[in-house]
Amino acid sequence: RYIARTYGFLPADLKQAALQEQIRDLISDVITLFFNQVQCKDKDDKAEFQTKFEGLLETLIKVQTKLLKDNGNTGRMFGDKLSYADIITYGLYLKLVVGFVKFRAEIADNVKPKLTPEIVKLISVVESDPLVAKYKSRGGSLVAAVSA
């Protein structure tokens with residue numbers, strides 16, 4: 001939060017900042033449920049965590065898609081410049097489609113069909129932003145990965 005606020009990715013408006021932080025909290029919960037499912041040994045508990053993970057991911061996608069539509073389908077959830085919520089959303093889908101396959105090989109194939117055109121556009125907008133492109137890993141394009 002400190003870095004996001006320092007570099008202008010969180011707005012001064014406290015309500016808008018709180019909405020972006022709620023998106024971050026929801027993303028954190030999705031990641032926690034994913035790893036709970038991965039690390040669980042009991043078959044029934046694993047299935048329960050998987051169901052919770054999928055349900056929360058679907059909720060997150062609905063919320064993000066609504067925010068993107070309400071912001072005019074610009075590929076940004078808030079305003080007309082890159083935001084904290086945009087960057088952490090990009091990071092989540094990068095992890096789910098590219099990074100977490102080492103923990104669960106089928107995760108990318110399960111997530112990609114759920115991504116709405118609005119979220120794919122957000123991924124493209126974030127990935128092509130000069131501030132992000134400068135620091136982005138050399139691992140290739142997430143847009144290409146979600147489109148494959």
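What FRET efficiency comes out for the pair ASP44/ALA105, r = Cβ-Cβ distance, R0 = 22 Å, nearest 0.05? Can you show the working numbers first?
Working: r = 22 Å, r/R0 = 0.99.
Efficiency for this residue pair is about 0.50.
Once the chymotrypsin sites (Phe, Trp or Tyr not before Pro) in DSSP loops with at most 15 neighbouring Cβ atoms within 10 Å are cut out of the chain, the longest remaining piece is 8-102.
For the chain, the alpha carbon convex hull comes to 111 Å³ per residue, rounded to a whole number. When +1 charges are put on Lys and Arg Cβ atoms and -1 charges on Asp and Glu Cβ atoms, the dipole computed for the chain relative to its Cα centre reaches about 380 debye.
In a simple Cβ point-charge model (Lys, Arg +1; Asp, Glu -1; nothing else charged), the range 81-122 has a dipole of about 80 debye relative to its Cα centre. Put the Cα centre of the range 74-148 next to the Cα centre of the range 1-51 and the gap is 15 Å.
Helix 14-39 and the longest principal axis of the C-alpha atoms of the chain enclose an angle of approximately 20°.
Values quoted throughout were computed directly from the atomic coordinates according to the rules given, and no laboratory measurement underlies them. Because the structure is a prediction, the values reported are computed rather than measured. Virtual Cβ from ideal backbone geometry, glycine too; neighbours counted across all protein chains shown.
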